[in-house]
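What follows is a set of notes on a single structure, which appears directly below.
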Amino acid sequence: AAAPPHYVIGFSQCTTGDAWRKAMLLGMQKELSFYPNVTFRLKDARDDSRRQQQQIREFLREGIDLLIVSANEAEPVTPVVEEAFNRGIPVVILDRRTTSKLYTAYVGGNNLEVGRAAGRYIGNLLDGRGNVLEIQGLAGASPAVDRHRGLAAALAAYPGIRLVAQVQGDWKRPSVVQNLPRVLRAHPEVNLIFAHNDRMALGAYQVCKQLGLDRRIRVVGVDGLSGPQGGIQFVQDGVLTATLLYPPGGEEAIRTAMNILQRRPYAKENVLGTMVIDSTNVLTMKMQTEQLAAQQQDIQRQQRLLQQQRDTYASQQTVLYVLAGA
Ligand code: FRU
């Protein structure tokens, strides 16, 4: 059979530092291991939308067959992504969207639904009465915009629940630790904090604990990663009352990219589901994710073994060839 064509995939990632993005990359690499004919290039914008614009422009100059992009902020990154699309380069938007319809496929959670599910959960948890403080993700990032809209829409069904304060976060813990104490002092009526991710939720819990409010104020986050620093563990430890699962989608992104490149059918919107993880299901979740991780390690071991066998076979072929030629 003819060798499969070679493809270059460029991945413009808004940041790589946190565990959620690392899990995403791991998923991508796992799926990429099935495609030795793909060169995968990653550029890390390190939370800087200007840098991300430049890096996507670099990709266009260097030449790529497909662009995967997670936009740090939607507005500033949109024009250059549109430019890529208009040049005929397929674009897969992963997790953080642009403001444009010009893309080939989206892979990621429905953040409006994440916000709504959080709102419904909070409404029930507080029995329809209470005061909520919201800690938002980076302003202008599509998940922050949508999580807020979803939350507000769902809470509107509970007239006894008020959204009394908002803290402008940046997805990171330190800014919460710095700004939250002031807001909490101004709003002693708060009894629940919804943070747009588990890292900021952890910061919120730490602040509450320091102020002696950790028994009065419950904290709900988003992401629900497995592992010792992940949201599932935080829920199990009672640090968070709940978290909303938000899958990183690395495998799905590569699968979609390969379907596009190999001209196989694909869906334009590939929405990954969410669910509430709280004390009622956290043990099940933990067991399932641990089992999955163990299976993935088995698969990696099998892949290494296969590769060794292929190498051995190749060297034996060489020996046979040399002997035959002799
Ligand atoms: C990771 C992260 C997640 C969040 C997502 C939103 O970089 O901040 O915690 O759910 O990005 O895009």
#### Entry: Under 5 Å, built H, 5+ apart or other chain: amide partners of Asn197
Val222
### Kirkwood Rh and Cα Rg combined as Rg over Rh, evaluated for the chain
1.06
### Summary
Amide H contacts under 5 Å for Gln166, restricted to residues at least 5 apart in sequence or on another chain and with H modeled in the peptide plane, are Glu134
### Task
Express as a percent, rounded to the nearest 5, the fraction of DSSP beta bridges in region 157-289 (both residues included) that run antiparallel.
30 percent
### Query
Within region 97-135, what residues put their amide N at less than 13 Å from the label point 7 Å along the Cα-to-Cβ vector of Asp278?
117-129
### Query
How many percent of all Cα-Cα pairs in region 85-182 sit more than 20 Å apart?
48 percent
### Task
May I ask which residue of Met28, Thr99, Phe59 lies farthest towards the positive end of the charge dipole of the chain, with charges of +1 (Lys, Arg) and -1 (Asp, Glu) on Cβ and the Cα centre as origin?
Thr99
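On a 22 Å Cα-Cα criterion, which of the cross-link pairs Lys22/Lys43; Lys101/Lys172; Lys101/Lys268; Lys22/Lys172; Lys172/Lys209; Lys43/Lys172 come out too long?
Exceeds cut-off: Lys101/Lys172.
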### Task
Can you bin region 1-63 into rounded, prolate or oblate? Criterion: square roots of the alpha carbon gyration tensor eigenvalues sorted a ≥ b ≥ c, rounded for a/c under 1.5, prolate for a/b above b/c, oblate for the rest.
oblate
### Message
Rounded to the nearest 5, what % of DSSP beta bridges with both residues in the chain are antiparallel?
### Response
5 percent
### Message
Test of understanding: given the chain, find the longest segment containing no trypsin sites (Lys or Arg not before Pro) that are in a DSSP loop and have at most 14 other Cβ atoms within 10 Å.
### Response
130-214
### Query
At 222 nm, what helix-only mean residue ellipticity would the chain give, in deg cm²/dmol to the nearest 500, using -39500 (n - 2.57) for each DSSP H run of four or more?
-16000 deg cm²/dmol
### Summary
Residues whose built amide H sits under 5 Å from the amide H of Phe11, excluding neighbours closer than 5 in sequence, are Arg41, Leu42, Lys43, Ile68
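No lab work stands behind these numbers, since they all come straight from the coordinates. Keep in mind that what you see is a predicted model, and the values were worked out from it rather than measured. Note that each Cβ is placed from the backbone with ideal geometry, even for glycine, and that neighbours are counted across all protein chains shown.
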